[in-house]
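Note sheet for the following structure.
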Amino acid sequence: QVQLVESGGGLVQAGGSLRLSCAVSGSVFSITAMGWYRQAPGKQRELVAGINSGGSKNYADSVKGRFTISRDTAKNMVYLQMNSLKPEDSTVYYCNAHDPLSLYWGQGTQVTVSS
């Protein structure tokens, strides 16, 4: 089992920055990849950024050049640095992890970008 706890969301003006954090606990050794997703009301949850066990990263086209995913394996933390935020980035962001058998989700953290 893996437990994920997000933090760092909040209210920011357009053009501003936020850093989301995801604390990982439990069977961290089994994790093969982690990511940040977001889900707007009435829409499907979408991948924002992902990082695998080898360190390879991928991003949604809408956030490339603005968001950066990183990890600190010593601290069991994953981060999402979000710069140049836009009002359309406003929604709930979820930390995700998967191992060979399961997917795990955090409880989500709200990001609101005012225009």
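The values are calculated or read from the model by the stated rules, or taken from the named source; none is laboratory data. What you are looking at is a predicted structure, and each value in this text was computed from that prediction instead of being measured. Surface accessibility is based on the protein's heavy atoms, side chains included, excluding ligands, DNA and RNA. Shrake-Rupley method; radii C 1.70, N 1.55, O 1.52, S 1.80 Å.
Structure above, values below:
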| item | result |
| --- | --- |
| Yes/no for THR112 being open to solvent by 40 Å² or more (accessible area, probe 1.4 Å) and among the β-branched types (Val, Ile, Thr) | yes |
| Whichever residue in region 9-38 is open to solvent by 60 Å² or more (accessible area, probe 1.4 Å) and in a strand (DSSP E or B) and, among such residues, is nearest to LYS75 (Cα to Cα) | ARG19 |
